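Each remark here refers to the structure printed beneath this line.
The values are calculated or read from the model by the stated rules, or taken from the named source; none is laboratory data. What you see is a predicted model; the values in this text were computed from it and never measured. All Cβ positions, glycine included, derive from the backbone under ideal geometry; neighbour counts span all protein chains shown. Note: areas computed on protein heavy atoms with side chains; ligands, DNA, RNA excluded. Shrake-Rupley method; radii C 1.70, N 1.55, O 1.52, S 1.80 Å.
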Amino acid sequence: GSQVDLGCWAEGRPPPLLTWFRGPQVLREEPGAAALPLHLGQVSPQDSGTYTCVAENRHGRHNRSLELHVAYAPRPPVVNGSLWALAGEQ
């Protein structure tokens, strides 16, 4: 449920095309921009994966990737009439 902000910066002549990918899927693209932020709001485990920022122009291509792992927050123990969960015990 938290938000995640990823940043990508590149310089080049001519100015590069910046593109964010998640796996093979294009998430955001901006030609000629020096920076391309990527905002992920209310992430869930389905947002886990490899995110890659690619900068390219006619002289070449450069990229950086990161692996995002999203897990649920620990759930409070369920207590009923036959089970007691005490702090510090599994």
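Prolate is the label for segment 2-68. Its Cα gyration tensor axes, ordered a ≥ b ≥ c, give a/c of at least 1.5 and a/b above b/c. For the pair residue 47 and residue 66 in one chain, pulling the backbone fully straight at 0.36 nm per residue adds 5.6 nm over the alpha carbon distance. Probe radius 1.4 Å, ligands and nucleic acids ignored: give me the carbon and sulfur share of the accessible area of segment 2-68 as a rounded percent. Accessible surface attributable to carbon and sulfur in segment 2-68 totals 49 percent.
How long is the gain from residue 30 to residue 58 if the chain were fully straight, where each residue apart is worth 0.36 nm and the alpha carbon distance is subtracted? Write down the numbers at each step before the final one.
On the way: separation 28, 0.36 × 28 = 10.08 nm, distance 1.55 nm.
The residue 30-residue 58 span can extend by a further 8.5 nm.
Charged neighbours of residue 15, selected by a Cβ distance under 13 Å, balance to -1 (K, R count +1; D, E count -1).
Sequence-ordered 3J(HN,Hα) estimates for segment 29-40 from the Karplus curve with 6.51, -1.76 and 1.60 and θ = phi - 60° stand at 9, 8, x, x, 7, 7, 9, 9, x, 10, 9, 10 Hz, glycine and proline given as x.
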